[in-house]
Amino acid sequence: MGSEEHVSLQIPSLIEYISSNEVVGFDNIVEDHILLNDKQQPSAKEIEVAASESTFEEYEPPIHQRVHSVSISMPSSPMEVHLEKIKGVLFSPETIFNNEIPDSSSAPTKSANSSKLPEAKFHSQPLPKSSAFEDQAIHTGRFPYNPSLKRLRDNRYDNFKTWSGKLERQITLLRGKTPRKSDQPENTFEQSTEQVVDPLPADRYFDALEGPELDTLRASEEIVLPEDKQWPFLLRYPISSFSICLGISSQSILWKTLPTSASTKFLHLSLTTNLVLWFIAVATLVVVACIYLLKIIFYFEAVRREYFHPIRINFFFSPFIALLFLALGVPPSISSNLHPALWYILMTPILSLELKIYGQWMSGGQRRLSKVANPVNHLSIVGNFVGALLGASMGLKEGPIFFFAVGMAHYMVLFVTLYQRLPTNETVIPKELHPVFFLFVAAPSVASMAWARIQGSFDYGSRIGYFISMFLYLSLAVRVNFFRGFKFSLAWWAYTFPMTGAAVSTIRYSNEVTNVATQALAVILSVVATLTVTALFITTVLHAFVLQDLFPNDIAIAISDKSPNKPRRKWFHLKNGTSSDSKDIEAFLKSATSSKKKDLEIRSFVETANCSS
């Protein structure tokens, strides 16, 4: 009875160390008991520390040491516990616990039913390594290598990568090898994202995007890239970055014209500024071009989507126009006469792009001019006049006249289309894009200088183009509120080379009509253009390297190839007035209500006529 007074009514804790030689049914070994007789038993805490340290070795096989093993007798499943309750009893009610450990010596004889059943033996299972794996990730901040982590990788970028996905498997097939299973998509998500590799038609851009630049996603659309995190830098790097090169390279032309023109000799300027600016322009063009070349190599799908974009395609003229500016602004100390072969090399890609774009403007469809007309289209026009100016300065005749005629024909059509703002275009341009209106000034100012170089003098034809550019320049400059209240973006560089072109054409005009007014106007426009480029260059460097917000996620290249059917979402944005589709729905409702009113009026008129008869 004395031993019964010490019986504990509590269930022993599973995490407490239990010696394997004190419990019946455990997988104990006699040798372990012999080894532990002469050694001090380790504590439970020491055993847990030793077990956790052994799990960090990922590639070492587990070392089974019976001396430090922990055996916990647990049923393999809840179903077996239920069966044991039916067929027999694990422990009889008379089992006596000494110090919360069942004593095998005090266990009574088994019942008849239980004696027929074989004795249940539970073997200790190895501790799972998932807890140690998670602990290591928490403490070190990174996950060790694990093949199962491949499924956690975000595969949505693979469709835009050049050397992954479908292209990798095609190269493998060309080598005569069977693609591995790991190359195949492991889940349905990867299979669905592969469909966006195909080129998108023009109408898909108009359906999924809105705004004058087609860079704003409609409320009913979704993109194929993650919206909640920043994309890789090359995916965010747009083709419009070449507009920076246009602004800086045009400044080299300005500071070459100022010291060499007769009307500005009184300024006593040196060509050193032209030399420094020219080298800065060359370095800028090389850096921008190399980064975009990396985008072509690693993310060709993104470049292809920019090329098929109805508005972005105009920026593909920018690198070649920048090269033309560098050829015009080359310092005399480097080269005084450029070889005419350079002109043919630079104008070949421009002619190829014009054949594609101008043909689409004329042939109709979703890429007709009335559908895609935008101030950025002036970039595809300016290249003709800049090329004509460079060719005429090299002594060429027929080639510069050809490009001048092509540029003038399409400029008149584009000018009328943009001036009228046809109903197919966006009627309101956001404030962030107001600087692109200065592109109206670029084409006539450069055209006036090109015709003066072709004709040999600043005659009436050149003066007509110059006066048109000056009127457009002043009409934009007096609207101060037109350029307030918007954030910085790469579109601000649209200020630069049109203002520089207006300043250079004013210097050329002052050489023909030399007086105080023309000289003062030339100096003022030159100072304004130089300060604008300097301020924009500093601001661009600040946003690129300090604030790091110069290149946000480029939503325009991440649209899906299929339009989702989400009417609820459209009606939700109709309620909040945040979707452009709401205008179409409202117009439809208004027309429907007006037609119903007309039907009611006609019915009432017929009824009154019948009653009177």
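Observations
- Shape call, the range 263-338: gyration tensor on alpha carbons, a/c limit 1.5: prolate
- Residue list for the range 438-455, given a label point 7 angstrom along the Cα-to-Cβ vector of THR539 and an amide N cut-off under 20 Å: 438-442
- Debye-formula intensities of the range 211-334, expressed as log10 I(q)/I(0) at q = 0.18, 0.20 Å⁻¹, are -0.96, -1.09 (one equal scatterer per alpha-carbon, no solvent).
- Carbon and sulfur %, accessible surface of the range 233-300 computed with the full protein complex present, 1.4 Å: 81 percent
- Share of carbon and sulfur in the accessible heavy-atom surface of the range 453-547 [1.4 Å probe, %]: 69 percent
- The gain in end-to-end length when the TYR460 to LYS356 segment is fully stretched comes to 34.1 nm, 0.36 nm per residue minus the alpha carbon separation.
- Over the C-alpha atoms of the range 457-522, the Rg to Rh ratio, Rh being the Kirkwood estimate, stands at 1.05.
- Gain upon complete extension [ALA517, GLN548; 0.36 nm per residue less C-alpha separation]: 6.8 nm
- 3J(HN,Hα) along the range 447-459, derived from phi through the Karplus expression 6.51 cos²θ - 1.76 cosθ + 1.60 where θ = phi - 60°, amounts to 5, 5, 5, 5, 5, 5, 6, 5, 6, x, 7, 7, 7 Hz, with x in place of Gly and Pro.
- Inter-probe distance in nm under a simple model that places probes 7 Å from Cα toward Cβ, at LEU271 and TYR344: 2.8 nm
- Solvent exposure, largest accessible area first (probe 1.4 Å, DNA, RNA and ligands not counted), of THR506, THR530: THR530, THR506
- Average accessible surface for the range 257-384: 42 Å² per residue, computed with a 1.4 Å probe over protein heavy atoms with every protein chain in place.
The values are calculated or read from the model by the stated rules, or taken from the named source; none is laboratory data. Bear in mind the structure is a predicted one, so any value in this text is a computation, not a measurement. Here Cβ is always computed from backbone atoms with ideal geometry, including for glycine, and neighbour counts include all displayed protein chains. Calculation scope for accessible area: heavy atoms of the full protein, side chains included, ligands and nucleic acids excluded. Shrake-Rupley method; radii C 1.70, N 1.55, O 1.52, S 1.80 Å.
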